[in-house]
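Everything below concerns the one structure shown next.
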Amino acid sequence: MRNVRGSVGIVGSVSGSNPSAVCPPIDRGNLIGFQDYPRRTRPQPRFIPEDVLDQLNRHRSALPTHWKRMLLIVQECGMRISELITLPYDCVIQDATGDAFLRSYQYKMKKEHTIPVSRDVANVIRAQQQEVAGQWGLRAR
């Protein structure tokens, strides 16, 4: 404490009674500028580790049927779960050559998205549609 008091005493004697002689005037504008904020880091995609995917695929047979279907679609199409569960009933489109496409809405991007899918994925979606229609007494389209 003695050194601190001594320093203050020296500063006080140098500046006298005028505090602006030691301290520069304070700008009344922005005291903190944009350069003072830390840069924001962009979030990196979070991939499921390969060993977790292998373990999940090894035990796929233990899952209920509708989960197996969901897992296949998510893995094949790279969809988010929120996009998968909001797929419309008529989400599979076929072109004149018989190729299948999946139509979904990407809420994060706020746009409709159409991607090509394999025949296996298209058949799995149709099977789920038929199961839901039978379970709830709906007429299959």
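Readers should treat all values here as calculations from the given coordinates under stated rules, not as data from a laboratory. A quick note: this is a predicted structure, and the numbers were derived from the prediction, not measured. Cβ: placed from backbone, ideal geometry, glycine included. Neighbour counts: every protein chain shown.
Looking for whichever is within 21 Å of the chain's Cα centre (by Cα) and among the small types (G, A, S) here; the options are S118, S82. Which one fits?
S82
Consider Y89 carefully, then state whether it is among the hydroxyl-bearing types (S, T, Y), over 19 Å from the mean Cα position of the chain (by Cα) and surrounded by 11 or more Cβ atoms within 10 Å (Cβ to Cβ).
Spelling it out, Y89 is indeed among the hydroxyl-bearing types (S, T, Y), over 19 Å from the mean Cα position of the chain (by Cα) and surrounded by 11 or more Cβ atoms within 10 Å (Cβ to Cβ).
If we keep just the residues of the range 98-141 that are out of contact with any Cys (no Cβ under 7 Å at 6 or more places or on another chain) and basic (K, R), which is nearest to M79 (Cα to Cα)?
Once the filter is applied, the top-ranked residue is K108.
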